[in-house]
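Have a look at the structure below, then the notes.
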Amino acid sequence: MTAYLIRRIGQAVGVVIGVMILTFILIHMEPGSVARSILGIRATASRVAIFNATYGLDQPLYKQFWNYTDQVFHGNLGTSYYQQQPVSTLFAQRLPRDIFLLGTSTVIALVISVPMGVYQAVRRNGIADNLLTSTTFTLYTMPTFFFAMLLVSLFAVQLHWLPPEAPQTTSVAGMLADPKALLLPELTLVLTQIAGFSRYMRSSAIDTLAQEYLKVCRAKGLGERLVLWRHVLRNSFLPIVTIVGLSVPGLVGGAIIVEDIFNYQGMGLLFYQAALQHDFPILLGATLLGGVLTVIGNLAADIAYGILDPRVRYVGK
Amino acid sequence: MRVIRTGAAVAAALTLAVTAAACTSSSGSSNGSSGTQATGTPESGGTVTMQWIGGYPNFIFPLMPATNTDGYNENLQEPMWPMLVYSGDRGQSIVNPDESLYSAMSWTNNDQTITITLKPWKWSDGTPITSRDFLFTYNLIESMGQNWSGYLPGLFPGDVKSVQAPSASTIVINLTRSYNPVFYTDNVLSAIPLLPQHAWDKESAAGPVGDYDETAAGAKAVVNFLQKEGSDIATFTTNPLWQVVDGPWKLAQFTSSGTYAFAPNKNYSGPDKPHIAEMIDAQYTTADSAFNALRAGDVTIGTVPDDDYNQIPYLKSAGYSIQVLQVAAVAGIYPNWYAPDGVGALLQQLYVRQAMEDLINRPQIVQQIYHGYADPGNGPVSMNYTTLTTPLEKAGGPYPYNPGKAVAVLKANGWQVNPGGVSTCVKPGTGSGECGAGIAAGAKLAFTLEYSAGDPDVDEMEAAIQTWEEQAGIKLTLKSEPFNTLVGTVGVCNAQSHPASSCGWQLVDFGYEPYGLYPAGSGDFNTDGLDNQGGYSNPEMDSLINQTEYSGNPAAFATYENFAADQLPQLYLPDPDYINAYKSDLVGVQPSNPFSADNDPEVWYFTK
């Protein structure tokens, strides 16, 4: 296990450095003048020169990359061209919010969809299964944007039961202090995630229910409840682990649609706006962070496999 | 909502009439804004929440470095440190005499010397505002040189020979050349705030206040200190530096999400003392979330996106009134005089540009696309400059929609016109009735028009223009890109420099360019103007623009305006207004100041 982890971490460092190099080159291949795109069409030559000198853009590309790498290894992701604040500060304000929103909604969605998927598999093609399938298909096919707007129109604009915005504080504690404002964004994410998770869980549970070892369990006198919760649920959960692991880097992408509709300052809109504005330090920092989280997510999923499935063994080389 | 206060040498005030009469302006009324007065009985107190979309301030010190392009900063700074000359008086594009910091301004010595008398106002801590504060501001700006965000080549402070303070209330500025007082007052002095020397002239937080600004090195140290403090968002509210203000508002709260709140400056010396108790500038990530909050009734004043004008009846039924926010700007399509492959030669021909403008149905754009909320774009000066627009522009400009005329002018200049297809040059040459210099036989009237992506109304407008141009066989290929990509890839092209890498473009529509209070055209249409993207150059235009800047001849502006309307240095387009919805019990919002995006909330009040 230790050797396996060391090898995977070594691979991870290589992947992250590769992502850094590739992203840096791709971003700097963008045509046109970065300074002019930030400073606007009235930028004077002197102002462009000051901008380039301030951010080191007047140096050769290899030197820019070296400087960037050096500052990253010193914990500095640079300063946003447009927002004029350290990238790490911007991330520190937004990332916890996304982790909280996406984390809690994912957990809630899993808590609901996993047993729901198993239930549907057991009651396959029954009335309840068909009803839940129809509901989840409807949720799955409904664009998140549209769904969020529907919720806002109903609960905030028409009924005035809930505020149309998420909490505006940047601290998690502050957000928890305003639970009403959290309801609509959470509901949007939970319901749209339930749709996907429960479908995966149902399919996986149907496959598991057909396995021979369940007959052995029952033949040995194991009760149906224990069969379901100890064997079906655990073995059916593996595909969900993969999906959840792969969704970890999504924290950097944020929940852009929810951020858009519910005025939630998160990583998604920060990244999107930085891409439109040619704010390279934010793009580089977010991509780097995304690379790190991808690696961590995959590693965590692999470790979880071993815990859930005793057949999985870690090989150090 | 877009930011209207911009960082360049924008806006100021003074009517032509005032300055033309005596080259002197002075504060007028003393009992509130001199423009249209709000009605109803003011009720003290209340909170106004105003929406801002897509950005927020990051710098509180009013002198920003050249690298800072955040236009939202001025929305934070100017309510606390207004400019010496205050632009816009309610709905009028004139100087606001009540909110300006000077009581009199005279020009002498062949318009090279300005004598400014300051009002006997006080800073919020009770210290009088004096000429020393102006000297302090000047010294700091001078020390910043080109690294000041408001720097424009040749203008303040580069054109200042000396500044004197003969008394505590008098400033004398000697300039290196004569100026048109209206231009200088409206477009230069309107970008200069006064800064509190008695509180800010220090090199460190713990250090004493001194006269450090009086040496170049000291001034640099003061600027460095203030800029460092001024960029620390976390201390905007707590730093005692920023509690010394001379405007009607003080900062009461600033959150890391960019939402901030003003409270009245109880010691504000001006006549427009705030009535409302709290002014919250609330940040919204996108127009969608902002409009949701507006529809839910959670804000006092917010933007109605142009896609949602059909929601205006609902908003009215929900207790909102509608504010039309006109923008002082010029909108249009820049032609590239130096576009490769012979395209530049085509666009250099006035008759080609005339034909193209003849084919743009501007009234239909205003009515059908902008729902009637737009300046018609009849020429270089928008209609909200009521005292400056000429009869020619007011009558629709020299090129009203006329497809027949467009076809005729092309035929008269050697073109075989193919409506719906592409017209071709059949009479090359430079003589009368021929296509013109650099245009070969068989040349085609086909161009690529690049514009900023993301606004459905703009998409619709460009598509309509494409269709209208086809009537005379002018083929436009549309290409939309994100705004910053457009700005970064479309370079300035002129006779001195038109590199192939950034001058391959042919026609570009950046949207609108904001004007100062005196829309003289300098920067836009003169040969070396910063906004002159496509290299338009005309000695007569340069001469007329110079007259608007440097001569005191009041007729110069009209001559320039009509010439610029006729010569089409750009193809003029309508410039859309912005629509806000505000709670109907809030009075004073209308008419809005074209130069102040937050609409001078010191004149707002609630009624019972």
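Here, each number is a calculation from the coordinates, and none is a lab measurement. Keep in mind that what you see is a predicted model, and the values were worked out from it rather than measured. For neighbour counting, all protein chains shown are included, and Cβ atoms are generated from backbone atoms with ideal geometry for every residue, glycine included.
From the backbone phi of region A:23-28, what are the Karplus-calculated ³J(HN,Hα) couplings (6.51 cos²θ - 1.76 cosθ + 1.60, θ = phi - 60°) in whole Hz, Gly and Pro given as x?
Rounded to whole hertz, the list is 5, 4, 5, 4, 5, 7.
Based on other C-beta atoms within 10 Å, arrange A:305, B:578, B:56, B:515 from fewest to most.
Listing A:305, B:578, B:56, B:515 from fewest to most nearby Cβ atoms yields A:305, B:578, B:56, B:515.
Out of the DSSP beta bridges found with both residues in the protein assembly as shown, what percent are antiparallel (nearest 5)?
Of all bridge pairs located within the protein assembly as shown, approximately 75 percent are antiparallel.
If you bin the C-alpha pair distances of region B:75-221 every 5 Å from 0, what whole percents do you get?
For region B:75-221, the binned pair fractions read 2, 9, 18, 23, 22, 16, 7, 2, 1, 0 percent.
For a quick check: with amide H placed at 1.01 Å from N, whose amide H comes under 5 Å from residue B:447's, ignoring anything fewer than 5 positions away on the same chain?
B:475, B:476, B:477
Given H placed on each backbone N at 1.01 Å, which residues far from residue B:122 in sequence or on other chains put an amide H within less than 5 Å of it?
The answer is B:129, B:269.
From the square roots a ≥ b ≥ c of the eigenvalues of the alpha-carbon gyration tensor of region A:183-317, which class results: rounded (a/c under 1.5), prolate (a/b over b/c), or oblate?
Numbers: a/c = 4.48, a/b = 1.94, b/c = 2.31.
Taking the square roots of the gyration eigenvalues as a ≥ b ≥ c, region A:183-317 is oblate.
How large is Rg over Rh for region A:2-73, taking Rg from the Cα atoms and Rh as the Kirkwood inverse mean of 1/r across Cα pairs? Don't jump to the answer; show the numbers that get you there.
Working: Rg = 17.1 Å, Rh = 14.5 Å.
Rg/Rh: 1.18.
Over 25 Å, how big is the tail of the calculated P(r) for region B:489-608, in percent of all Cα pairs?
In whole percent, the long-distance tail amounts to 44.
I'd like the distance between the alpha-carbon centres of region B:471-510 and region B:258-306, rounded to an integer number of Å.
When both Cα centres are located, 38 Å separates them.
For residue A:150 and residue B:310, what is the calculated FRET efficiency with R₀ set at 22 Å and r taken between the beta-carbons, to the nearest 0.05?
With R0 = 22 Å, the Cβ-Cβ based efficiency is 0.75.
Bin all alpha-carbon pair distances of region B:457-500 at 10 Å intervals from 0 and give each bin's fraction as a whole percent.
23, 32, 36, 8
Work out from phi, with θ = phi - 60° and the Karplus expression 6.51 cos²θ - 1.76 cosθ + 1.60, the ³J(HN,Hα) of each residue of region B:218-228, listed in order in whole Hz, and give x for Gly and Pro.
Taking θ as phi minus 60°, the curve returns x, 4, 4, 5, 5, 4, 4, 5, 5, 5, 5 Hz for region B:218-228.
Treat every Asp and Glu Cβ in the protein assembly as shown as -1 and every Lys and Arg Cβ as +1, leave all other atoms uncharged, and give the resulting dipole magnitude about the Cα centre to the nearest 20 debye. Display every interim value, and only then the final one.
On the way: 49 positive and 76 negative charges, 732 e Å.
Around 3520 debye, computed over the protein assembly as shown.
Please report, in cubic angstrom per residue, the volume enclosed by the convex hull of the alpha-carbon atoms of chain B. Working shown, then result.
Working: hull volume 88.5 nm³, N = 608.
Dividing the Cα hull volume of chain B by its residues yields 146 Å³.
Only four residue types carry charge here, +1 at the Cβ of Lys and Arg and -1 at the Cβ of Asp and Glu. Report the dipole size of chain A about the Cα centre in Debye, rounded to the nearest 20.
Charge dipole, chain A, about its Cα centre: 1000 debye, nearest 20.
Got a sec? How would B:279, A:20 order by Cβ neighbour count within 10 Å, fewest to most?
With the sparsest Cβ surroundings first, the list reads A:20, B:279.
Quick check: residue separation of residue B:209 and residue B:430 times 0.36 nm, minus the Cα distance between them. What number comes out in nm?
72.6 nm is the gain from fully extending residue B:209 to residue B:430.
What lysines does residue B:427 reach when the alpha-carbon gap must be under 18 Å and sequence neighbours fewer than 8 apart in one chain are set aside?
B:411, B:444
Answer with one residue from B:355, B:324, B:291: the one whose Cα lies farthest towards the positive end of the charge dipole of region B:231-367, charges on Cβ with Lys, Arg +1 and Asp, Glu -1.
B:324
Can you give me the Cα centroid spacing of region A:266-298 and region B:531-596 in angstrom?
After rounding, the separation between the Cα centres reads 40 Å.
Using a 10 Å cut-off on Cβ to Cβ distances, tally the other chain neighbours for every residue of A:42-54 and report the average as a whole number.
Taking all residues of A:42-54 together, the mean is 5.
Dipole size in debye (nearest 20) for region B:369-467 around its Cα centre, Lys and Arg Cβ +1, Asp and Glu Cβ -1?
For this selection, approximately 660 debye.
Return the subset of B:228/B:479; B:119/B:394; B:119/B:161; B:161/B:266; B:273/B:394; B:122/B:316 for which the Cα-Cα distance in this structure is over 31 Å, preserving the input order.
B:228/B:479; B:119/B:394; B:161/B:266; B:273/B:394; B:122/B:316
Please report the antiparallel percentage of DSSP beta bridges with both residues in chain B, rounded to the nearest 5.
Within chain B, antiparallel bridges account for around 75 percent of the total.
Would you mind giving the average projected area, over all directions, of the Cα convex hull of region B:226-368 in nm² with one decimal?
15.2
Inverting the mean 1/r over all pairs of different Cα atoms, compute the Kirkwood radius of region A:93-308 and quote it in Å.
Mean inverse Cα-Cα distance, inverted, gives 19.0 Å.
With the cut-off at 1.5 for a/c, could you classify the protein assembly as shown from its C-alpha gyration tensor as rounded, prolate or oblate?
Since a/c reaches 1.5 and a/b is larger than b/c, the shape of the protein assembly as shown is classed as prolate.
Calculate the length of the line joining the C-alpha centroid of region B:132-165 to that of region B:218-249, in whole Å.
The two parts, judged by their Cα centres, are 19 Å apart.
Residue by residue through region B:209-216, what is 3J(HN,Hα) from phi via Karplus (6.51 cos²θ - 1.76 cosθ + 1.60, θ = phi - 60°)? Round to whole Hz and write x for glycine and proline.
7, x, 10, 4, 5, 7, 10, 4
Residue farthest toward the positive end of the dipole of chain B, with Cβ of Lys/Arg at +1 and Asp/Glu at -1: which of B:41, B:207, B:136?
The Cα lying farthest towards the positive end belongs to B:41.
What list do you get for A:25, A:303 if you sort them by fewest beta carbons within 10 Å?
Sorted ascending by nearby Cβ count, the order is A:25, A:303.
What residues have an amide H closer than 5 Å to that of residue B:375, excluding those fewer than 5 places away on the same chain, when H is modeled at 1.01 Å from N in the peptide plane?
B:575, B:577
What's the percent breakdown of Cα-Cα distances in region B:319-458 across 10 Å bins, shortest bin first?
10, 33, 31, 18, 5, 1, 0
Just from its helices, what would the mean residue ellipticity at 222 nm be for the protein assembly as shown, if runs of 4 or more DSSP H residues each count -39500 (n - 2.57) and the sum is divided by every residue, rounded to the nearest 500 deg cm²/dmol?
Rounded to the nearest 500, the figure is -12000 deg cm²/dmol.
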